Amino acid sequence: MKIAIPIFKDRVAPHFGSSSEVLLVEIRSGSVHQEAKWDVGGQGPLEMARRLLDLGVDKIICGGIDRFYREWLINKGVSVDDNRKGKASEIIQKMLRDKKMFSPLKKGGN
Amino acid sequence: MNTPSSSSHKEVQGELMLGLPYHCFVLLENLSECIFTIDLKKEINSFNHAAETITGFKRQEAIGQHCFDIFRTNICAKRCVMDQSLANGAPQQDIPAFIINRAGDQIPISISTSFLRDEKNNIIGLFGIFRDLSELERLRRQITRTFGHEDIIGKDPKMREILAFLPDIAESDSAVLIEGPTGSGKELFARAIHYLSSRQKGPFIAINCGALPDSLLESEIFGYKKGAFTGAERDKPGRFLLADKGTLFLDEICNISTSFQKDMLRVLEDGEFTPLGDTKPLKTDCRIIASTNRDLKAMIKEGTFREDLYYRINVVKISLPPLRERSGDIPLLIENFIHKYNLLKGRAMRGVTNEALSYLIAYPFPGNVRELENIIEYAFILCKDDYIGIEHLPMDVRDWYKTQNHPSFISATLATEEEEKIRQILNKHRGNRLTTARELGISRSTLWRKMNKYGLS
């Protein structure tokens, strides 16, 4: 499973589409297999969403995301876990502990 | 004015307004501007009611959190207003930004800040004010005609389905044909596609093909050279050239003649055209979005529309439903138009009465959304009250309603409303039927009949 978290320093970026970095995490067998950071380079929310889709991301964890882009991503089969805040690494660790990633697709919000 | 109870005020005053006197607290709490304070760690320590409304977060959820996690503006990560205030040693005024609220709505705002200081004049935090600019921004987009997907109003499943694929359509760069009856918002969709596409920084050029005869349409679309015809005193670039690197919207393409369709086909096939009076062909790189309010396939059968042109423009087709097929969107559209005209006309209209809404929901709207907007604009002229009633609706709507058999739920709504109104006025006049009938504008016998009907006697 591939997870993307737009970040602001080490925290979840508050506004999807205006963050300059995205943390990409690949989970295999219940643990982090690999991590990478993608320098977004000033792309807008739609370009960013398209790019994440091209990268085969299954789940996006983010702060605020415009409903329009959230619905578009969900229609494409990407799970969007929005309204999140805090350190990205802690959210991933908590998710691994809770095994939330194995839950069915969620329609945004928390 | 919402005034907090004295018990709750003690509870929240400290965290809301840093120990300000009660009257200041009430004042700040009731302002329509979003007001908050943060400390130097960017943690929120006060948050008024308007801030709750705009962000969708309750005060209890916001207090103690980082401001960027609650306000979620597009400038938090890159151009933090607090960092800039502290770096410049000066408060910031009217900084434009967008926030995303809890529900996922992107809201345009302006931010102003000033410093909070202790008794020794040390800066201990920031006092911030947000103003919601949604209405102004919507008006700006209407005036500059830079509509985006956010201007498309509709919760109807058909509309949601189209909206869900708009980014894919925009990305494709293929020609798009938008079908829909007049007034259904075809240009709005065309503009939204343009502003979602990679051509968004290029021009969006629209031309109404039905408004001009062939000869004028040719010079408008292809342009002309000086001296090409009497009155051509200088070179004029055509719409094809103006739309280079952008989008050309051919509105009501169904109205162009078959001979001009042939010329259009040639341009659409290779992007080359020759302005009138010129010999050198020019090339353009623009995306074509065409619209029609007629069934082009039927026109092909009639021989009035070229089949080859149809297939050239119909790579992606969007079919917009008439308003009568998405009547569930009517209340939402009414609300939107009332907001718009309140702002334009400096009014504070609150809505439409249930009775007027019943009339509007039942009306077939041959002119679609445009007609609904005209109806609201008309009602703003006649209505001097808070709510638009049936007496403020155009005669066409009222006459149409009278001639129809309405679904039972509408009759039921009206009956309930009538009963409630009679009950209220009877109570007001302590059961006096004469004064009640006078206020209702009906005779005593009619009032008596209605009271019997509703069991009020």
Scanning region B:363-383 residue by residue, the ones that are surrounded by fewer than 18 Cβ atoms within 10 Å (Cβ to Cβ) and under 15 Å from residue B:399 (Cβ atoms) total 3
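Under the condition of being small (Gly, Ala, Ser) and closer than 17 Å to residue A:64 by Cβ, which residue from region B:54-102 is surrounded by the fewest Cβ atoms within 10 Å (Cβ to Cβ)? I'd like the intermediate steps shown before the answer.
At the first step, the residues of region B:54-102 found to be small (Gly, Ala, Ser) are B:56, B:62, B:64, B:77, B:85, B:87, B:89-90, B:97.
With the extra rule that they be closer than 17 Å to residue A:64 by Cβ, the set shrinks to B:56, B:62, B:77, B:97.
Values: B:56: 18, B:62: 22, B:77: 22, B:97: 20.
Across region B:54-102, the extreme among qualifying residues is B:56.
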By residue number, the members of region A:23-51 that are outside any loop (DSSP other than H, G, I, E, B), in contact with a Leu (Cβ under 8 Å, 6 or more places away or on another chain) and more than 12 Å from chain B (Cβ to nearest Cβ) are A:24, A:27, A:31, A:32, A:35, A:36, A:37, A:38
Looking only at region B:180-202, and only at residues there that are outside any helix (DSSP H, G or I) and in contact with an Asp or Glu (Cβ under 8 Å, 6 or more places away or on another chain), the one that is surrounded by the fewest Cβ atoms within 10 Å (Cβ to Cβ): B:198
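Any chance region A:91-99 includes a residue that's within 14 Å of chain B (Cβ to nearest Cβ), part of a strand (DSSP E or B) and either surrounded by 15 or more Cβ atoms within 10 Å (Cβ to Cβ) or within 12 Å of the chain's Cα centre (by Cα) (or both)?
We begin by selecting, within region A:91-99, every residue within 14 Å of chain B (Cβ to nearest Cβ); these are A:91.
When the remaining residues are screened for being part of a strand (DSSP E or B), the result is none.
No, that holds for no residue.
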Name the residues in region B:280-306 that are surrounded by fewer than 18 Cβ atoms within 10 Å (Cβ to Cβ) and either aromatic (Phe, Trp, Tyr) or farther than 23 Å from residue B:222 by Cβ (or both), would you? B:294, B:295, B:297, B:298, B:299, B:300, B:301, B:302, B:303
Residue list for region B:305-333, filter: in contact with a helix residue (DSSP H, G or I) (Cβ under 6 Å, 6 or more places away or on another chain), among the β-branched types (Val, Ile, Thr) and assigned to a helix (DSSP H, G or I): B:330
Residue B:201 vs (1) under 20 Å from residue B:312 (Cβ atoms); (2) within 14 Å of chain A (Cβ to nearest Cβ); (3) basic (Lys, Arg): all pass except (1)
Which one of the conditions (1) in contact with a strand residue (DSSP E or B) (Cβ under 6 Å, 6 or more places away or on another chain); (2) in a loop (DSSP other than H, G, I, E, B) does residue A:60 fail to meet, given that it meets all the rest? (2)
Of the conditions (1) within 14 Å of another protein chain (Cβ to nearest Cβ); (2) in contact with a strand residue (DSSP E or B) (Cβ under 7 Å, 6 or more places away or on another chain), residue B:137 satisfies every one except a single condition; which number is it? (1)
Say we look at region B:103-122 and pick out the residues that are at negative phi, surrounded by 16 or more Cβ atoms within 10 Å (Cβ to Cβ) and under 18 Å from the mean Cα position of the chain (by Cα); which of these is nearest to the other protein chains (Cβ to nearest Cβ)? B:106
So residue B:15 fits all but one of (1) buried (at least 16 other Cβ atoms within 10 Å of the Cβ); (2) modelled with pLDDT of 70 or more; what number is the exception? (2)
What do you reckon, is residue B:145 of a type outside the set (Asp, Glu), touching a residue at least 40 places away in the same chain (Cβ under 8 Å) and farther than 20 Å from residue B:314 by Cα? yes
Expected output for region B:84-102 (first residue without any contact (Cβ under 8 Å) to a residue 40 or more places away in the chain and within 13 Å of another protein chain (Cβ to nearest Cβ), partner of a type in the set (D, E, K, R) and part of a loop (DSSP other than H, G, I, E, B), Cβ below 7 Å, 6+ apart or cross-chain) is B:100/A:66; B:100/B:72
Cross-chain or 6+ apart pairs with Cβ under 6 Å, region B:182-206 first and closer than 24 Å to residue B:220 by Cβ and among the hydroxyl-bearing types (Ser, Thr, Tyr), then part of a helix (DSSP H, G or I) and modelled with pLDDT of 95 or more: none
Within region B:143-177, of all residues that are over 24 Å from residue B:203 (Cβ atoms) and in a loop (DSSP other than H, G, I, E, B), the one farthest from the other protein chains (Cβ to nearest Cβ) is B:156
Looking at region A:52-70, which of its residues are surrounded by fewer than 22 Cβ atoms within 10 Å (Cβ to Cβ), touching a Lys or Arg at 6+ places or on another chain (Cβ under 8 Å) and within 11 Å of chain B (Cβ to nearest Cβ)? A:53
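What number of residues within region B:44-61 are more than 10 Å from chain A (Cβ to nearest Cβ) and under 14 Å from residue B:128 (Cβ atoms)?
If we filter region B:44-61 for residues that are more than 10 Å from chain A (Cβ to nearest Cβ), which is where we start, we get B:44-54, B:58-61.
Now drop any that are not under 14 Å from residue B:128 (Cβ atoms), which leaves B:44-48, B:50-51, B:54.
Residues in region B:44-61 being more than 10 Å from chain A (Cβ to nearest Cβ) and under 14 Å from residue B:128 (Cβ atoms): 8 in total.
From the set of residues in region B:62-81 that are part of a helix (DSSP H, G or I) and either in contact with a Ser or Thr (Cβ under 9 Å, 6 or more places away or on another chain) or among the hydrophobic types (A, V, I, L, M, F, W, C) (or both), which is farthest from the other protein chains (Cβ to nearest Cβ)?
Within region B:62-81, the subset part of a helix (DSSP H, G or I) is B:62, B:67-71, B:81.
The next check asks that each one be either in contact with a Ser or Thr (Cβ under 9 Å, 6 or more places away or on another chain) or among the hydrophobic types (A, V, I, L, M, F, W, C) (or both); those that pass are B:62, B:67-68, B:70-71, B:81.
On the way: B:62: 11, B:67: 9, B:68: 4, B:70: 8, B:71: 7, B:81: 13 Å.
Looking at the filtered set, the residue picked out is B:81.
The values are calculated or read from the model by the stated rules, or taken from the named source; none is laboratory data. Here the structure is a predicted model, which is why all the values come from computation and not from measurement. Backbone-built Cβ (ideal geometry, glycine too); neighbour counts: all protein chains shown.
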